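Engineer: Can you read through this structure? Questions will come right after.
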Amino acid sequence: MREEPNPGLSRHIPKTDRLLEHDAVQTMLERYPRPLVLAAIRDTLQSLRENLDPGSADRQADLECLVEQVEQRLKASGFHLKRVINATGVVLHTNLGRAPLPSHAAKRVFELAEGYCNLEFELESGKRGKRVSHIQPLLTSLTGAQAALVVNNNAAAVLLMLSGLASGKEAVISRGELVEIGGSFRIPEVMAQAGVKLVEVGTTNKTYIKDYEDAIGPETAALLKVHPSNFRIVGFHRSVPTQELAALAHERGLLMLEDLGSGCLVPLDSRGLPSEPTVQEIVAAGADVVCFSGDKLLGGPQAGIAAGKRAMIEAMAKHPLMRALRLDKLILGALEATLLSYLEPQKAIREIPALAMLSQKPKELEARALRLASSLKQTLGDAVEIHVVPLEGKVGGGALPQAYLPSYAVGLQVAGTKAEELGAALRKASPPVVGVEREGRVLLDVRTILHQEEDLVCSALADVLGRKGENGG
């Protein structure tokens, strides 16, 4: 026990039980574990003991003030993984969790998490089933593939594909496709881990079908094509299309395997974005297996999806790695719910947040920015200088690196406060707001702020500036 700094002041310090009985603390007990609440109360009272001033003891020990301090401590010591508001304009922001789930997919996760489910159980026969059976029919219907499986991310899907179909053999790949994406995921290293010998062909910027023909030997198992994902070669450039590679591979009795990276199920050029090959197009072009992500352009949870010929998918499913890489019930449920929207493509564009964000037009975004600016001015008064400014966002997540998304942001300036300081304060708000600090302002790009989050942005700024409740806020 620490010694009381001034025992005569102890009468000002309320007991722990009195704070526990407060209505606001009772509400906290519904949101946080009791040990965390008790620890926050004890820390608050200990801080009061150590800093109590005889001249202002009554004010310092005010019950409402102490309860507010308890709540602040809880916010700081609660869940470390938090929901944040993405105001960066980067739709598939890897550091912020990539694609947000559609609301119906999030509800599905909650339903499955609350109790048991038929994850590996056939309800008709009462016998053990396979977890991929819940999602394979949807994937084959949407992609045109004969079979499909899912693992925990696209890197895992590529590793499983190479390990299950080409281990101990050679795979031929263009030098221009030996990519590294976020987190030091390098194709040559993945191939080595899978036990596949890398055979490079062509040059960095140009590879022809003859380069592949000349490289095929007795140890060749597959021709491998990898989507460049987060970079593009422009100008003097040539690569071999999937259809040509597949024709050559099958003529020589080889496999044609493709890592499509982001992977999308709806054409993007109709949304005003650069054209990207869809999974359906790659399957139709003859790829034996194509791998792609679930949480990028598809707009669902993190997952790696492999679709293709039945014999190849079944060989991958039997590989020992499959058990280590398989999905849990919650991700499966979220992915199934997301894929169901794609049965009606226009519905998918409305319901899947990532697609909806990518589809927003500049005029719509300008109107949203003006509305948010107006709400902020009403809430904050003259505390902040607020302007609506045009800017460009990005798709993110290693997808469409050359696509810049014309957008609008609300620019914020506070007199006497640097943009970096305001940005840091917003990241500590509840909920945290992550914007862009540029030219002395914090910019909040409305493209990536969900409609239901606009009021939360106002309240977060009000909290940060200590003006909550003023001017109608």
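Engineer: As an exercise: evaluate Ser375 against (1) among the small types (Gly, Ala, Ser); (2) surrounded by 20 or more Cβ atoms within 10 Å (Cβ to Cβ); (3) within 19 Å of Glu454 (Cα to Cα); (4) in contact (Cβ under 8 Å) with a residue 60 or more places away in the chain and give the number of the one condition it does not meet.
Structural biologist: (2)
Engineer: Moving on. Among the numbered criteria (1) of a type in the set (Ser, Thr, Tyr); (2) more than 18 Å from the chain's Cα centre (by Cα); (3) not in a strand (DSSP E or B), which one does Thr338 miss?
Structural biologist: (2)
Engineer: Sticking with this one: Of the numbered conditions (1) under 30 Å from Phe185 (Cα atoms); (2) crowded, with 17+ Cβ neighbours inside 10 Å, Leu426 fails exactly one; give the number of that condition.
Structural biologist: In the conditions (1) under 30 Å from Phe185 (Cα atoms); (2) crowded, with 17+ Cβ neighbours inside 10 Å, Leu426 misses (1) alone.
Engineer: Which members of segment 151-199 meet the condition of being free of Cβ contacts under 8 Å to residues at least 24 places away in the same chain and acidic (Asp, Glu)?
Structural biologist: Residues of segment 151-199 that are free of Cβ contacts under 8 Å to residues at least 24 places away in the same chain, as a first pass: 180, 183-184, 186, 188-189, 192.
Those that are free of Cβ contacts under 8 Å to residues at least 24 places away in the same chain and acidic (Asp, Glu): Glu180, Glu189.
Engineer: Counting only residues that are in a helix (DSSP H, G or I) and charged (D, E, K, R), how many does segment 287-313 have? First the steps, then the outcome.
Structural biologist: First pass over segment 287-313, keeping only residues in a helix (DSSP H, G or I): 310-313.
Add one more test, that the residue is charged (D, E, K, R), and what stays is 310.
Number of matching residues: 1.
Engineer: So, one more: Looking only at segment 368-388, count every residue that is of a type outside the set (Lys, Arg) and within 26 Å of the chain's Cα centre (by Cα) and tell me the total. Full working, then the answer.
Structural biologist: Looking only at segment 368-388, we keep the residues that are of a type outside the set (Lys, Arg), and these are 369-370, 372-376, 378-388.
Now restrict to residues that are within 26 Å of the chain's Cα centre (by Cα): 369, 372.
Counting residues in segment 368-388 that are of a type outside the set (Lys, Arg) and within 26 Å of the chain's Cα centre (by Cα) gives 2.
Engineer: Please tell me if Leu101 is in a helix (DSSP H, G or I), in contact (Cβ under 8 Å) with a residue 12 or more places away in the chain and not aromatic (Phe, Trp, Tyr). Show your work before the answer.
Structural biologist: On the way: in a helix (DSSP H, G or I): no; in contact (Cβ under 8 Å) with a residue 12 or more places away in the chain: yes; not aromatic (Phe, Trp, Tyr): yes.
No; evaluated as a whole, the condition is false for this residue.
Engineer: Still on this structure, please answer the following. I need the full set of residues from segment 346-365 which are in contact with a helix residue (DSSP H, G or I) (Cβ under 9 Å, 6 or more places away or on another chain) and farther than 22 Å from Gly397 by Cα, in order please. Walk me through it before giving the result.
Structural biologist: Going through segment 346-365, the residues in contact with a helix residue (DSSP H, G or I) (Cβ under 9 Å, 6 or more places away or on another chain) turn out to be 347-353, 355-360, 365.
Residue satisfying the conditions is Lys347 alone.
Engineer: For the list (1) farther than 26 Å from Ser459 by Cα; (2) at pLDDT 95 or above; (3) of a type outside the set (Val, Ile, Thr); (4) touching a Phe, Trp or Tyr at 6+ places or on another chain (Cβ under 7 Å), I need the number of the one condition that Lys394 fails.
Structural biologist: (2)
Engineer: Criterion first (small (Gly, Ala, Ser), touching a residue at least 12 places away in the same chain (Cβ under 8 Å) and touching a Pro at 6+ places or on another chain (Cβ under 9 Å)) does Ser430 satisfy it?
Structural biologist: no
Engineer: Same structure, new question: Taking segment 397-415 only, how many residues are at pLDDT 85 or above and small (Gly, Ala, Ser)?
Structural biologist: First, the residues of segment 397-415 that are at pLDDT 85 or above: 405-415.
Still in the running and small (Gly, Ala, Ser): 407, 409, 411, 415.
Of the residues in that region, 4 qualify.
Engineer: Still on this structure, please answer the following. Looking only at residues that are surrounded by 13 or more Cβ atoms within 10 Å (Cβ to Cβ) and assigned to a helix (DSSP H, G or I) in segment 47-62, which one is modelled with the highest pLDDT?
Structural biologist: Restricting to residues being surrounded by 13 or more Cβ atoms within 10 Å (Cβ to Cβ) and assigned to a helix (DSSP H, G or I), the top hit is Ser47.
Engineer: Among the listed residues Thr242, Thr220, identify the single one that is surrounded by 17 or more Cβ atoms within 10 Å (Cβ to Cβ), in contact with a strand residue (DSSP E or B) (Cβ under 8 Å, 6 or more places away or on another chain) and over 29 Å from Asn152 (Cβ atoms). Show your work before the answer.
Structural biologist: Values: Thr242 fails: over 29 Å from Asn152 (Cβ atoms).
Answer to the selection: Thr220.
Engineer: Return the only residue of Leu391, Leu400, Leu365 being under 23 Å from the mean Cα position of the chain (by Cα), surrounded by 14 or more Cβ atoms within 10 Å (Cβ to Cβ) and assigned to a helix (DSSP H, G or I). Explain how you work it out, then say what you get.
Structural biologist: Details: Leu391 fails: assigned to a helix (DSSP H, G or I); Leu400 fails: assigned to a helix (DSSP H, G or I).
Being under 23 Å from the mean Cα position of the chain (by Cα), surrounded by 14 or more Cβ atoms within 10 Å (Cβ to Cβ) and assigned to a helix (DSSP H, G or I) holds for just one of Leu391, Leu400, Leu365, which is Leu365.
Engineer: Also, quick follow-up: All but one of (1) surrounded by 14 or more Cβ atoms within 10 Å (Cβ to Cβ); (2) modelled with pLDDT of 95 or more hold for Leu19, so report the exception by its number.
Structural biologist: All conditions pass for Leu19, except number (2).
Engineer: Moving on to the next point. Does segment 1-16 hold any residues that are at pLDDT below 75, part of a loop (DSSP other than H, G, I, E, B) and not hydrophobic (A, V, I, L, M, F, W, C), and which are they?
Structural biologist: Arg2, Glu3, Glu4, Pro5, Asn6
Engineer: Checking Asn95 against (1) assigned to a loop (DSSP other than H, G, I, E, B); (2) at pLDDT 80 or above; (3) surrounded by fewer than 13 Cβ atoms within 10 Å (Cβ to Cβ), which single condition isn't satisfied?
Structural biologist: (1)
Engineer: Among the numbered criteria (1) crowded, with 16+ Cβ neighbours inside 10 Å; (2) free of Cβ contacts under 8 Å to residues at least 12 places away in the same chain, which single criterion is violated by Arg326?
Structural biologist: (2)
Engineer: Turning to a different aspect of this structure: I need the full set of residues from segment 172-222 which are of a type in the set (Lys, Arg) and within 17 Å of Ala247 (Cβ to Cβ), in order please.
Structural biologist: Within segment 172-222, the first condition is being of a type in the set (Lys, Arg), and the residues that meet it are 175, 186, 197, 206, 210.
Result: Lys210, single match.
Engineer: For segment 80-90, which positions are closer than 17 Å to Val433 by Cβ and of a type outside the set (D, E, K, R)?
Structural biologist: Within segment 80-90, Leu81, Val84, Ile85, Asn86, Ala87, Thr88, Gly89, Val90 qualify.
Engineer: Considering only segment 314-335, how many residues are part of a loop (DSSP other than H, G, I, E, B) and more than 26 Å from the chain's Cα centre (by Cα)? Steps first, please.
Structural biologist: The initial filter retains those residues of segment 314-335 that are part of a loop (DSSP other than H, G, I, E, B), namely 318-320, 326-328.
From what is left, the residues that are more than 26 Å from the chain's Cα centre (by Cα) are 318-320.
Qualifying residue count, segment 314-335: 3.
Engineer: Still on this model: Report the residue count in segment 98-127 for those that are closer than 22 Å to Arg447 by Cβ and crowded, with 21+ Cβ neighbours inside 10 Å.
Structural biologist: Adding up the residues that qualify gives 6.
The values are calculated or read from the model by the stated rules, or taken from the named source; none is laboratory data. Just so we're clear, the structure is a prediction, and the values are computed from it rather than from any experiment. Note: ideal-geometry Cβ built from the backbone for every residue, glycine included; neighbour counts use all protein chains shown.
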